[in-house]
Amino acid sequence: MTDTMTRDRVGQFTDPSGRTFGEDGTLNIAYEALDRHVEDGHGTEIAMIWLGKDDTRQEISYSDLSAMASRFANVLTSHGCAPGDSLFALMGRVPELYATALGALKAGAVFTPLFSAFGPEPIRTRMEIGDAKVLVTTASIYNRKIAPWRDDLPSLKLVLILGDEAPDGCVALAPAMAAAAPEFTVAKTAPEDPALIHFTSGTTGKPKGAVHVHGAVAYHAFSGRHALDLNPGTIYWCTADPGWVTGTSYGIIAPLVNRVTMIVDEAEFDLERWYGIVEREAVQVWYSAPTAIRMMMRAGAEAAKPFDFSALRFLASVGEPLNPEAVIWSEQVFGQPFHDNWWQTETGGIMIANCPGETVKPGSMGKPLPGITAGIVDRTDAGLRELPDGEIGELALRPGWPSMMRTYLHEQARYDKCFVDGRYLSGDLAMRDAEGYFWFVGRADDLIKTSGHLIGPFEVESALIEHEAVAEAGVIGLPDETAGEVVKAYVTLNPGFGSSRALEREIRGHARKKLGPAVAPREIVFRTTLPKTRSGKIMRRLLKARELGLPEGDISTLETDET
Ligand code: ATP
Ligand code: MG
């Protein structure tokens, strides 16, 4: 058996374990994630351990989760919801969110999760773009963020409210679920039927709605096992919120199709709580993001000492470049490194990864997964030019894997522009070394050109955080008459360090030594926070716009901030 996924004919996939998806020409993510396991006799296995903010703990079996999802699907159909209808979810990480996602998929609805902390405007624009027909949310979110403009969105026919009571014009979900049957015949969706819409993080501009199909599940199954070591019974914790693609692809679908037990924590990042969960729940595979890892580093290795991490067998990170310093630190603290992997909302699944058992080169994203063809290219007037190893260019992928987006919602032209000469262009710059490892350089928009040098902000940021005082860094290029551009850095400091001119000079000196004078920042400013998206990405374009007094652009996903 080969180690790549084979696609026999449209809609039917066999992955390396021999599992075939879509045998009868239909394919449904929720069926593969739940019903199939129950039918195979695994219903009593635990699908989810839910940890509430108030320290409640609830174990939900595959049978229970499947029944919850079926009840939800019955509620939908009893209210006239038909396959293809657009459903939005807006709530915290509570069990109902997972029942909503999977129930919507069972019913053939197109599921869009939004981050519950979004303000009314970002919610409204996304629901307008997505032609929302159904919304599932809480009374408090509804009253504050939806009710004031609900009448302006005529497509919205049904609002389901968690709990026993609902505001006027809405339906209470708890009694409706209790009255609904726990069995549901899963909709016979075709592999190319839309299943999910995910909005991109909005790091570089206005978020795009990437449309994903049911056929994606075959790639989630494969990549979950190959890149994250997910197997039946694995205790797995993905810390991402389903409001972002990671929290759905690898926080719902990949773990469930691989029959793992997934940890869902309702609370936000808290160092002691997180370490306590890893220890108490004996987490084996942990998937997180650089922003969280840097917060752990900021608290120091001492804070980790009291905890037992011996159950951990694989750690992975995604969403932003993982600084080499963070890889080395995690190896010291957890006995193994965080394994960086790269992908996007658009790709729907992991494309490039440091997979289990492979040598990690700190600072590298790893290698393309089996079946994924990645290259480094240059856009020229005559088309794409393939670049040799060692040269920096745009990271391009050969389309064809099942979880690739099928369009940007209502933006077909923008989607079409992503493809040149049969390649999907990612908008990220990278380099491949002679051993086939890929190294992230920066977003194409963030590249800095100074005195003839091309500088990726990641390289400079990674050098800066090697200094003991620096916790995080965001680097931009500013126009300069002689050099073209000059490098400017914004940094936050570790506890115990105060901002001073002397420290600024010292960090600049450190950067000059590491990077050379041409690449090192000319100026460093201290901040208590950096502007970040809710998915934890540093918004360099915002630092730059503010520096230059330009319009801030779309900041609907902005989370932390200090101007
Ligand atoms: P938008 O497209 O709206 O500007 P975004 O690109 O941040 O937002 P996502 O799809 O959530 O939206 O993020 C994908 C991007 O995140 C990648 O294109 C890349 O720039 C960055 N990224 C993800 N993983 C990594 C990684 N391991 N190393 C470096 N960058 C990464
Ligand atoms: Mg993007």
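The values are calculated or read from the model by the stated rules, or taken from the named source; none is laboratory data. Quick caveat: nothing in here was measured; it's all calculated off a predicted structure. Every residue, glycine among them, receives a Cβ derived from its backbone with ideal geometry; neighbour counts consider all protein chains shown. What goes into the accessible areas is simple: the full protein's heavy atoms, side chains included, and nothing from ligands, DNA or RNA. Shrake-Rupley method; radii C 1.70, N 1.55, O 1.52, S 1.80 Å.
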Considering each of Phe222, Phe199 in turn, give the residue that is buried (at least 24 other Cβ atoms within 10 Å of the Cβ) and within 26 Å of Pro148 (Cβ to Cβ).
Phe199
Within the range 18-34, count every residue that is open to solvent by less than 70 Å² (accessible area, probe 1.4 Å) and either in a loop (DSSP other than H, G, I, E, B) or at pLDDT below 85 (or both).
9
Which numbered condition Glu459 misses (of (1) surrounded by fewer than 22 Cβ atoms within 10 Å (Cβ to Cβ); (2) part of a loop (DSSP other than H, G, I, E, B); (3) within 15 Å of ligand 1 (Cβ to nearest atom); (4) not basic (Lys, Arg))
(2)
Which members of the range 441-452 meet the condition of being open to solvent by less than 40 Å² (accessible area, probe 1.4 Å) and within 13 Å of ligand 2 (Cβ to nearest atom)?
Gly442, Asp446
Can you find a residue in the range 45-53 that is over 26 Å from the mean Cα position of the chain (by Cα), outside any strand (DSSP E or B), at pLDDT 95 or above and surrounded by fewer than 20 Cβ atoms within 10 Å (Cβ to Cβ)?
yes
Quick count over the range 234-244, residues being open to solvent by 10 Å² or more (accessible area, probe 1.4 Å) and under 16 Å from Ala33 (Cβ atoms), is 1
Filter result for Leu196 (away from ligand 1 (no atom under 16 Å from the Cβ) and either of a type in the set (A, V, I, L, M) or within 27 Å of the chain's Cα centre (by Cα) (or both))
no
For Lys206, which of the numbered conditions (1) closer than 20 Å to Lys106 by Cβ; (2) surrounded by fewer than 20 Cβ atoms within 10 Å (Cβ to Cβ); (3) within 16 Å of ligand 1 (Cβ to nearest atom); (4) not small (Gly, Ala, Ser) fails to hold?
(1)
Does Gly390 count as of a type outside the set (D, E, K, R), without any contact (Cβ under 8 Å) to a residue 12 or more places away in the chain, away from ligand 1 (no atom under 16 Å from the Cβ) and exposed (fewer than 14 other Cβ atoms within 10 Å of the Cβ)?
no
Kindly provide the set of residues from the range 210-253 that are within 16 Å of ligand 1 (Cβ to nearest atom), at pLDDT 95 or above and among the small types (Gly, Ala, Ser), ordered by number.
Ala210, Ala216, Ser223, Ala227, Ala240, Gly247, Ser249, Gly251
Name the single residue that is nearest to Phe118 (Cα to Cα) among those in the range 143-168 being open to solvent by 60 Å² or more (accessible area, probe 1.4 Å) and in contact with a strand residue (DSSP E or B) (Cβ under 9 Å, 6 or more places away or on another chain).
Lys157
Over 27 Å from Pro368 (Cβ atoms) and either surrounded by 17 or more Cβ atoms within 10 Å (Cβ to Cβ) or away from ligand 1 (no atom under 16 Å from the Cβ) (or both), is that true of Glu281?
yes
Give the residue, chosen from Gly108, Gly163, Gly119, that is in contact with a Ser or Thr (Cβ under 9 Å, 6 or more places away or on another chain) and closer than 30 Å to Phe21 by Cβ.
Gly108
I need a count of the residues in the range 133-186 that are among the acidic types (Asp, Glu) and in a loop (DSSP other than H, G, I, E, B).
4
Considering only the range 339-350, I want to know if a residue exists there that is crowded, with 22+ Cβ neighbours inside 10 Å, touching a strand residue (DSSP E or B) at 6+ places or on another chain (Cβ under 6 Å) and at positive phi.
yes
Here are the criteria: (1) under 24 Å from the mean Cα position of the chain (by Cα); (2) assigned to a helix (DSSP H, G or I). Tell me which single one Ala117 does not satisfy.
(2)
The residue that is farthest from ligand 2 (Cβ to nearest atom), considering only those in the range 340-385 that are under 22 Å from the mean Cα position of the chain (by Cα) and among the acidic types (Asp, Glu), is Asp340
Starting from residues that are among the polar types (S, T, N, Q) and in contact with a Ser or Thr (Cβ under 9 Å, 6 or more places away or on another chain), keep the ones in the range 39-69 and report whichever is farthest from Ile29 (Cα to Cα).
Thr44
For Gly371: the one exception among (1) modelled with pLDDT under 95; (2) farther than 30 Å from Val213 by Cα
(2)
Looking only at the range 305-348, filter to residues that are of a type in the set (Asp, Glu) and modelled with pLDDT of 95 or more; which one of those is nearest to ligand 1 (Cβ to nearest atom)?
Asp340
